[in-house]
1. Limited to segment 5-15, what total is found for residues that are β-branched (V, I, T) and surrounded by 24 or more Cβ atoms within 10 Å (Cβ to Cβ)?
2. Is it the case that G80 is surrounded by 17 or more Cβ atoms within 10 Å (Cβ to Cβ), in contact (Cβ under 8 Å) with a residue 40 or more places away in the chain and touching a strand residue (DSSP E or B) at 6+ places or on another chain (Cβ under 6 Å)?
3. Looking only at segment 59-77, which residues are out of contact with any Leu (no Cβ under 7 Å at 6 or more places or on another chain), farther than 15 Å from I4 by Cβ and crowded, with 21+ Cβ neighbours inside 10 Å?
4. Just name the residue that is surrounded by the most Cβ atoms within 10 Å (Cβ to Cβ) out of those in segment 180-230 that are of a type in the set (K, R) and in contact (Cβ under 8 Å) with a residue 60 or more places away in the chain.
5. Looking only at segment 130-168, how many residues end up being of a type in the set (S, T, Y) and touching a residue at least 40 places away in the same chain (Cβ under 8 Å)?
6. Since E91 meets every condition but one in (1) at pLDDT 95 or above; (2) closer than 21 Å to Q172 by Cβ, which condition does it not meet?
7. Suppose we keep only residues that are crowded, with 21+ Cβ neighbours inside 10 Å and touching a helix residue (DSSP H, G or I) at 6+ places or on another chain (Cβ under 7 Å) within segment 32-48. Which one would you say is farthest from L180 (Cα to Cα)?
8. Whether any residue in segment 131-138 is over 14 Å from V6 (Cα atoms), in contact with a helix residue (DSSP H, G or I) (Cβ under 8 Å, 6 or more places away or on another chain) and of a type in the set (A, V, I, L, M, F, W, C) is what I want to check.
Amino acid sequence: MNLITVSGPPSSGKTSVILKTIESLKKRGLSVAVAKFDCLYTDDDVLYKNAGVPVKKGLSGALCPDHYFVSNVEEVTQWGYKSGVDVLISESAGLCNRCSPYIKGIKAICVIDNLSGINTPKKIGPMLKSADIVVITKGDIVSQAEREVFASRVNSVNPKATIMHINGLTGQGSFELSTLIYDEKDNIDTLKGKELRFPMPSALCSYCLGETRIGESYQMGNIRKINLED
């Protein structure tokens with residue numbers, strides 16, 4: 001089974017891109033399942049079910065969604081493998097733009113939209129910088145010049161990635177993406193022993209453990225203070 005990890009800022013068009021790409025994969029005779037990770041709420045699993053795609057949904061609640069992803073991705077992989085599908089797509093929203101739910105040896109796709117601002121690529125961390133493929137959406141809403149400038153900014157942040165423009169509404173460009181994400185040589189049956197491409201944020205402080213009071217006397221653990229001396 002091929003495992004594909006897809007992440008990106010909220011409402012960037014990840015689900016639409018995945019659905020259109022799945023249509024192309026099915027036309028090639030490939031079976032696909034999806035694991036949807038999110039924080040508080042999502043009804044994207046309904047969209048996948050309506051499209052006839054097996055889906056599992058996980059909500060992290062009070063936990064960081066990408067830490068939740070890493071803690072559960074092996075179990076999800078086993079579910080997909082036992083289901084007998086050719087491709088399992090993991091969808092996760094990098095809500096803080098810092099985390100990177102990407103795994104060494106597993107194809108990684110970052111979805112980002114043209115409407116987020118030309119400086120957005122510089123504000124996104126490993127989620128964009130360590131992706132194999134960067135999909136830019138909503139290009140039909142902006143001008144050609146804006147699309148080129150935005151793509152250039154993405155390229156400056158991640159020059160090794162393949163950059164693609166996909167229309168999530170019409171599916172234009174999704175067939176090309178489907179030809180890039182599946183390769184029999186990338187088949188796996190487990191993630192045990194594999195490593196993340198980039199370490200997760202390191203923080204275990206009093207607020208992680210439920211503290212709500214503000215002030216230095218209530219802070220303990222891994223704390224970083226702002227420099228106000230300049």
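The values are calculated or read from the model by the stated rules, or taken from the named source; none is laboratory data. Just so it is clear, the structure is predicted and the values come from calculations on it, not from any experiment. FYI the Cβ positions are ideal-geometry reconstructions off the backbone, even for glycines, and counts take in every protein chain you see.
1. Just the residues of segment 5-15 that are β-branched (V, I, T), to begin with: 5-6, 15.
Narrowing the set further to residues that are surrounded by 24 or more Cβ atoms within 10 Å (Cβ to Cβ) leaves 5-6.
Looking only at that region, the number is 2.
2. On the way: surrounded by 17 or more Cβ atoms within 10 Å (Cβ to Cβ): yes; in contact (Cβ under 8 Å) with a residue 40 or more places away in the chain: yes; touching a strand residue (DSSP E or B) at 6+ places or on another chain (Cβ under 6 Å): yes.
Yes.
3. Scanning segment 59-77 gives a single hit, D66.
4. Here the residue is R197.
5. Going residue by residue through segment 130-168, those that are of a type in the set (S, T, Y) are 130, 137, 143, 152, 156, 162.
Still in the list and also touching a residue at least 40 places away in the same chain (Cβ under 8 Å): 130, 137.
Number satisfying all stated conditions: 2.
6. Every listed condition holds for E91 apart from (1).
7. We begin by selecting, within segment 32-48, every residue crowded, with 21+ Cβ neighbours inside 10 Å; these are 32-38, 48.
Then keep just the ones that are touching a helix residue (DSSP H, G or I) at 6+ places or on another chain (Cβ under 7 Å); that gives 32-38.
Details: V32: 15, A33: 17, V34: 18, A35: 20, K36: 21, F37: 23, D38: 25 Å.
Among residues in segment 32-48 that are crowded, with 21+ Cβ neighbours inside 10 Å and touching a helix residue (DSSP H, G or I) at 6+ places or on another chain (Cβ under 7 Å), the one farthest from L180 (Cα to Cα) is D38.
8. So far as segment 131-138 goes, no, none of its residues is over 14 Å from V6 (Cα atoms), in contact with a helix residue (DSSP H, G or I) (Cβ under 8 Å, 6 or more places away or on another chain) and of a type in the set (A, V, I, L, M, F, W, C).
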